[in-house]
Every structure is written in C-alpha cells, then in structure tokens.
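Peer 1: Pasting in a structure now, in structure tokens, and then I'll have a few things to ask.
Rule-based calculations on the coordinates, nothing more; no lab input. This one's a predicted model, so the numbers in the text were calculated from it and none came from an experiment. Cβ: placed from backbone, ideal geometry, glycine included. Neighbour counts: every protein chain shown.
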Amino acid sequence: MIYKKNNLRIDGFDVGYLGRKYKTPIYCYSLKKINNNIRNLKTYFKKINPLICYAVKANTNLRILKEIKNNNLGADVVSKGELMKALKAGIKPQNIVFSGVGKTSEEIKFAINKKILLINAESKSEILEIEKIARSKKKSVNIGIRLNPNTDAKTLSQISTGKKENKFGVDQKIFLQLVEYLKKSKYLNLKCLSVHIGSQILEYKPYENMLKVVDRIIKKSNYKFEYIDLGGGMGIDYNHNNSKLDLQKYSKNIQKFLKKKSCKIIFEPGRYIVGNSAILITKIIYIKEGYNKDFVILDAAMNDLIRPALYGAHHRFLPSKKTKKLAKKAYEFVGPICESTDTFTVIKKYQKLNEKDFLVICDVGAYGTSLASNYNVRPKPIEILIKGSKIQIINKRQKISELM
Ligand SMILES: *Cc1c(COP(=O)(O)O)cnc(C)c1O
C-alpha cells in the first residue's frame with residue numbers, strides 16, 4: 001500500500017480504479033502478502049519444523065484456501081462445513097486438525113471417515129462420544145485433549161480463550177484424569193496436547209507462561225505426546241505502530257521447551273496469515289454534519305466488517321486520494337445500517353473528505369468476510385485477489401435476488 005502521486009495503490013493497482021471498475025464495497029486481497037506471511041512464519045520457526053495448520057475460520061474463501069494449500073499448509077477446522085471446504089481446497093486429511101467445544105456426533109463421524117490427523121477434544125463428554133463412535137465403527141481414532149492453561153493472553157477479553165472462566169479446553173485436574181482414562185482406551189489413541197489461549201496476541205509473555213504450564217502438565221501426566229498443538233493467536237500490527245509479537249523469542253522458547261522431548265509442534269495461525277492481506281474499498285455516500293463531529297457515511301457497514309462493532313477493534317482508514325487540506329471537525333466513519341453500533345472509528349484530525357470519495361479500511365483479511373452477514377438484506381461484497389499483475393474475482397458480489 002503506497003501513495004503514488006497522492007493516489008493510493010495496492011500491489012500496483014490504483015484503488016480509485018478498482019472502486020470504479022468493480023463498484024464498492026470490495027474486499028481486495030494481495031496474494032503477495034499471504035505468501036509473504038507464510039514465508040515469514042516458516043522462517044521464524046525453521047528450527048522447529050512445525051506443522052502449520054491454517055485456522056480456516058479466519059477466512060474461508062475457497063480460492064484463498066487453495067493458495068494457502070499451495071504453500072503446503074494444513075488446516076485447523078471448527079465445523080463440518082469448514083472441514084469440507086478445507087478438503088475441497090485440496091488440503092490433505094492427514095494435515096487437518098478439528099477443534100471446538102461442541103462437535104456433534106455427525107461431525108465426529110464425518111471427521112473419522114475422512115481420516116483426519118487429530119480430533120482435539122475439549123471435554124470428557126466429547127471424548128466418550130468419540131470413543132462410542134470409534135467402537136461402533138471398530139476403528140481406532142487419533143485424538144488430542146485441549147488444555148485450558150489458565151493463562152491470560154493480554155488481549156481483548158472477547159477474544160481471550162485460555163483463562164479458567166472461558167469455555168475452552170479442560171483444566172489441569174481433568175486433563176490428568178482424561179490422560180489416565182485414555183491410557184486404557186481400546187479405540188482412542190491419545191496423540192496430542194493442544195492449547196490456544198486467544199487471538200491478536202502481541203505480547204510474548206503469555207506464550208512463555210503457557211509453555212511453562214504445558215511443560216509442567218506433561219511431566220505430571222507421565223505420558224509421551226506425539227504432538228503438541230500450540231494453537232494460533234499471533235497478533236498483527238493493526239495500528240502500524242510497530243507493536244509486533246516477538247516471534248523470534250517465541251521460537252527460541254519453544255526450542256528450549258522441546259529439549260528432551262521428541263514431539264512435533266503444530267501451530268494454528270489464522271489472523272497472522274491473512275489479516276493484513278486484504279483491504280475493504282468503500283465509497284462515501286454522504287457526509288452529514290453533526291454537533292461536534294461530522295459523520296462520514298460509507299457504503300460498507302457492520303454486516304461487511306463486524307470487528308469494530310463486535311470487539312471495539314480498530315482498523316486504519318486511508319483516503320484513496322491524499323490531499324493537504326484538513327477537515328474542520330472530527331470525522332466519525334459509519335455504515336448505513338440501522339444500529340448505533342454500526343460505526344467504525346472516530347478520527348480527530350483527518351484530511352477533508354468529499355461525498356463519492358473512495359476510502360480504504362486496512363487489514364481486513366481475517367474475520368472480515370468470514371463474519372459477514374446479510375443484515376438489513378444487504379448483499380455481501382465482491383472479493384477480488386491480486387495475483388501478480390492480474391486480478392481474479394474470487395467471489396462475486398451477492399445479488400439481492402439471491403436473498404429473496
Ligand atoms: C480461532 C482459533 C485459532 C486461530 O486464531 P488466530 O488468532 O486467528 O490465529 C486457532 N486455534 C483455535 C482452536 C481457534 O479457535
């Protein structure tokens with residue numbers, strides 16, 4: 001994303017040109033960014049040689065999944081639908097793990113039939129259900145147990161998952177009981193210990209604490225796990241102020257953790273791989289004068305990108321044309337939906353904007369389209385992918401007629 005003669009460009013394409021050509025709102029992805037992010041992860045964790053399972057829920061576009069598969073990644077799925085999509089994208093079953101607190105028996109049967117790498121169970125009841133199904137099929141099934149390490153991820157409370165009050169995983173006491181139970185199970189092979197403490201983690205310390213807890217419980221369990229699944233959660237720099245997770249330190253810490261252990265590490269990153277790979281191009285419908293600020297009413301709304309409304313998340317806003325003239329009042333960027341939470345951000349000092357201008361909402365590749373809805377009977381946006389010097393439409397704009 002650079003300005004050339006004051007016009008914003010993404011991978012060489014003028015944002016205004018894209019807005020006029022495809023009409024707004026547009027989710028526009030950069031393949032270069034996705035490939036770069038994956039390369040970065042592989043480089044940081046080279047010495048660990050992990051199995052990287054992309055968390056499909058971050059972005060479920062089939063064409064994006066195929067590009068991720070082309071980088072030889074596996075998948076972390078949380079529903080039958082995601083599992084089917086991962087398989088359809090060509091991701092091998094032996095590189096797929098299945099997470100989630102509420103897998104139904106239908107989902108478990110499907111996963112067993114597809115011979116995926118691991119079902120990471122999150123409760124005693126789920127383990128008993130998997131065992132029942134395995135027995136009836138006379139199949140042995142590889143599973144993991146998700147531990148709730150009671151670690152504060154120091155992220156937004158809404159996307160924190162590893163504290164004892166969260167619904168995810170089992171506590172240490174139950175974990176140890178389940179290990180004992182599974183040592184004797186005829187149909188279940190306990191292969192993995194999994195954890196995932198939250199999302200958009202920028203501090204390295206929570207991971208260090210998590211590793212300590214995992215190390216302790218492995219010793220206590222007196223069991224040899226073939227896989228340790230450390231989950232995802234690696235944060236990205238939404239504000240562009242160099243707040244970055246120190247992956248090098250994390251990697252070193254894992255290497256230390258792995259000494260005297262011979263297990264394979266699994267990661268489940270979602271946001272890190274796709275988060276900064278997309279922008280949402282939107283057009284200003286109206287600018288409306290307010291009391292102490294003006295409202296910039298966009299054609300993109302909370303149904304297209306719900307993160308600000310859902311978690312108070314912040315995304316940068318860039319004008320497609322840069323000018324020097326400042327607006328007299330603060331701007332509040334809002335969507336047209338009939339909800340007061342349909343607002344993206346307030347910016348005190350911004351360049352003067354005009355109706356019909358294009359704007360770009362940055363870093364929307366993760367939990368953007370995958371959380372989009374048809375609220376207010378609004379069709380979902382078109383999705384395009386920049387692949388070198390070419391543009392592919394990877395999802396057509398929904399038609400209102402499809403919503404009738
Ligand atoms: C959501 C989720 C992830 C991915 O989280 P990111 O923050 O996008 O990396 C990984 N594992 C599990 C179990 C999840 O629920």
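Peer 1: Between Lys184 and Lys88, what is the FRET efficiency for a Förster distance of 45 Å, r being their Cβ-Cβ separation, to the nearest 0.05?
Peer 2: About 0.75, to the nearest 0.05.
Peer 1: For the range 28-43 and the range 152-178, what is the separation of their Cα centres, given in Å?
Peer 2: The two parts, judged by their Cα centres, are 30 Å apart.
Peer 1: Given 10 Å bins starting at zero, what is the percent of C-alpha pairs of the range 215-365 in each, up to the one with the largest pair distance?
Peer 2: Percent of Cα pairs in each bin: 10, 31, 23, 14, 12, 8, 2.
Peer 1: Compute the distribution of all C-alpha to C-alpha distances in the range 268-337, in bins of 5 Å from 0, and list the percent of pairs in each, rounded to whole numbers.
Peer 2: Spelled out bin by bin, the range 268-337 gives 3, 12, 20, 26, 19, 10, 5, 3, 1, 0 percent.
Peer 1: In addition: Based on the Cβ-Cβ distance from Asn239 to Lys324, what FRET efficiency comes out when R0 is 30 Å, to the nearest 0.05?
Peer 2: Efficiency, rounded to the nearest 0.05: 0.80.
Peer 1: Same structure, new question: Can you tell me the length gained on complete extension of the stretch Lys259 to Ser140, counting 0.36 nm per residue apart and subtracting the Cα distance?
Peer 2: 39.8 nm
Peer 1: Starting from the Cα of Lys283, draw a straight line to each of the aspartates and glutamates and keep only those under 19 Å, dropping any in the same chain fewer than 8 residues away.
Peer 2: Asp14, Asp294, Asp299, Asp304, Glu332, Asp342, Glu355, Asp357, Asp363, Glu383
Peer 1: A follow-up question, please. Sequence gap at least 6, Cα distance under 8 Å: using those rules, report the relative contact order of the chain to the nearest whole percent.
Peer 2: With pairs under 8 Å counted, the relative contact order is 19 percent.
Peer 1: Turning to a different aspect of this structure: Work out how much length Tyr375 to Lys293 would gain on full extension: take 0.36 nm times their residue separation and subtract the Cα-Cα distance, in nm to one decimal.
Peer 2: Extra length available between Tyr375 and Lys293 comes to 26.8 nm.
Peer 1: Next question. Show me, bin by bin at 10 Å from 0, the whole-percent P(r) of the range 100-267 based on Cα pairs.
Peer 2: Values per bin, smallest distances first: 10, 38, 33, 16, 3, 0.
Peer 1: Further question on the same structure: Can you tell me the order of 282-292, 79-89, 103-113 when each peptide is scored by its average per-residue count of other Cβ atoms within 10 angstrom, highest first?
Peer 2: Ranking, from highest mean packing down: 79-89, 103-113, 282-292.
Peer 1: Roughly speaking, what is the stretch gain from Leu403 to Lys115, that is 0.36 nm per residue apart minus the C-alpha to C-alpha distance, in nm to one decimal?
Peer 2: This chain segment gains 100.1 nm when fully extended.
Peer 1: Quick check on the chain: helices-only [θ] at 222 nm, where DSSP H runs of length 4 and up contribute -39,500 (n - 2.57) each and the sum goes over total residues. Nearest 500, please.
Peer 2: Calculated mean residue ellipticity at 222 nm is -8500 deg cm²/dmol.
Peer 1: Compute the Kirkwood hydrodynamic radius of the chain, taking the inverse of the mean of 1/r over all pairs of distinct Cα atoms, and give it in Å to one decimal.
Peer 2: Final number for the Kirkwood radius of the chain is 22.5 Å.
Peer 1: Let me check against my output: what whole-number percent is the relative contact order of the range 100-267, with C-alpha pairs under 8 Å and at least 6 apart?
Peer 2: Computed value for the range 100-267: 21 percent relative contact order.
Peer 1: Report, largest value first, the span of the C-alpha coordinates of the range 1-78 along each principal axis, in whole Å.
Peer 2: 44, 27, 17
Peer 1: Exceeding 18 Å between C-alpha atoms, which entries from my cross-link table qualify? They are Lys224/Lys264; Lys138/Lys224; Lys66/Lys88; Lys183/Lys220; Lys88/Lys264; Lys328/Lys349.
Peer 2: Lys138/Lys224; Lys88/Lys264, as the Cα separations exceed 18 Å there.
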